[in-house]
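Contents: one structure, followed by commentary.
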Amino acid sequence: MRVVFQETPEQVGVWAARTVARRILDYKPTARKPFVLGLPTGSSPLGMYKELIRLNKRGKISFANVVTFNMDEYVGLDPDHPQSYHRFMWDHFFGHIDIKKKNANILDGLASDLGKECLSYEKRIESYGGISLFVGGIGEDGHLAFNEPGSSLQSRTRIKTLTDDTRKVNARFFGGNFEKVPKLALTVGVGTIMAADEVMILVTGFNKARALQKTVEEGVNHMWTASVLQLHRHALIVADTAAANELKVGTYHYFRSVEAGHFDPDSILKG
Ligand code: GLP
């Protein structure tokens with residue numbers, strides 16, 4: 001596992017965006033061989049989307065041959081609902097870049113057969129040969145996508161009941177009204193994320209410090225879903241200084257020293 005520290009959430013966003021751009025450029029995607037990118041919603045990726053939009057508008061990166069799969073969606077919200085993840089993605093990212101609509105996959109939380117929708121999502125991912133890079137955020141309780149504590153670490157896309165904790169945290173997007181937060185969601189599984197060639201998780205803010213500490217310093221445990229990343233061959237965590245607050249000083253310095261000679265994502269702006 002690589003852990004990269006940046007001072008601020010904005011810097012985390014820029015660093016992450018340039019890493020995504022680098023991967024896409026190196027892959028040299030075509031219509032027949034698109035780059036397959038897994039994407040999250042939430043506040044964590046906002047800076048990354050902003051920078052990717054900027055790079056797209058400057059002609060540094062194109063999404064014309066990129067296929068995306070979002071992590072999750074609430075059950076029962078219309079795609080146009082202001083808090084649906086469909087709406088989030090089109091407002092904050094897809095609506096501002098050159099992605100083809102048919103290439104932006106998001107689970108349908110209104111499907112008449114939700115189980116079938118989950119199964120066909122997995123099949124669609126498979127039909128592209130899997131996901132090259134899955135970008136994600138992390139919940140305060142260490143969840144990845146909507147894989148709440150205790151989720152099977154081998155799970156695949158399915159329906160999940162949201163915990164009261166998650167609904168309380170997400171109530172801020174529903175006018176602070178806990179009752180308005182859906183009780184169910186469709187989510188890719190932990191196994192779906194782990195099957196990606198590379199996973200990059202963005203962690204910002206003091207409220208994520210405990211989850212980061214459990215993920216990086218303690219053992220793999222289904223109660224802290226993200227800790228499973230320790231078993232991934234190419235897991236990358238990008239965190240800000242606030243999120244590092246619960247790590248041992250030694251852990252922080254260790255990962256910083258390991259990173260000293262690593263790839264500089266700013267290179268995306270050169271040449
Ligand atoms: C939600 C999403 C997760 C996201 C998490 C953190 O529960 N399902 O995918 O990572 O919230 O959100 P935020 O980035 O807003 O803190």
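The values are calculated or read from the model by the stated rules, or taken from the named source; none is laboratory data. Since the model is a prediction, treat every value here as computed from it, not as a measurement. A quick note on method: Cβ atoms are made from the backbone with ideal geometry, for glycine too, and the neighbour counts reach across all protein chains shown. For accessibility, only protein heavy atoms count, side chains too; no ligands or nucleic acids. Shrake-Rupley method; radii C 1.70, N 1.55, O 1.52, S 1.80 Å.
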Using only the alpha carbon atoms of segment 21-94, find the Kirkwood hydrodynamic radius as the inverse mean reciprocal pair distance, in angstroms to one decimal. 13.4 Å
Principal axis lengths of segment 1-124 from Cα atoms, whole Å, largest first? 42, 35, 31
I237's amide H: which non-local residues (gap 5+, or another chain) put their own amide H closer than 5 Å, with H modeled 1.01 Å from N in plane and none for Pro or chain starts? R2, V3, V4, I201
To two decimal places, what compactness ratio does the chain give when its Cα radius of gyration is scaled by 2.2 N^0.38 Å? 0.95
With a probe of 1.4 Å, find how much accessible area segment 36-165 has per residue, and write the answer as a whole number in Å². 41 Å²
Distances longer than 20 Å among the Cα atoms of segment 143-271: what percent of all pairs is that? 53 percent
Computed about the Cα centre, the charge dipole of segment 130-271 from +1 Lys/Arg and -1 Asp/Glu charges at the Cβ has a magnitude in debye, to the nearest 20, of 380 debye
Ordered by residue, what ³J(HN,Hα) values in Hz, to whole numbers, does segment 65-80 give under the Karplus form 6.51 cos²θ - 1.76 cosθ + 1.60, where θ = phi - 60° and Gly and Pro are x? 10, 10, 10, 10, 10, 7, 5, 7, 7, 5, 7, x, 9, 5, x, 8
Size of segment 149-224 as Cα extents on the principal axes (Å, biggest first): 36, 30, 20
Solvent-accessible ranking of K116, K33, K208, largest area first, probe 1.4 Å: K116, K33, K208
What does the helix-only formula give at 222 nm for the chain: each DSSP H stretch with n ≥ 4 adding -39500 (n - 2.57), the total divided by the residues, and the result rounded to the nearest 500 deg cm²/dmol? -9500 deg cm²/dmol
Of every hundred units of 1.4 Å-probe accessible area on the chain, the number belonging to carbon and sulfur atoms, as a percent, is 52 percent
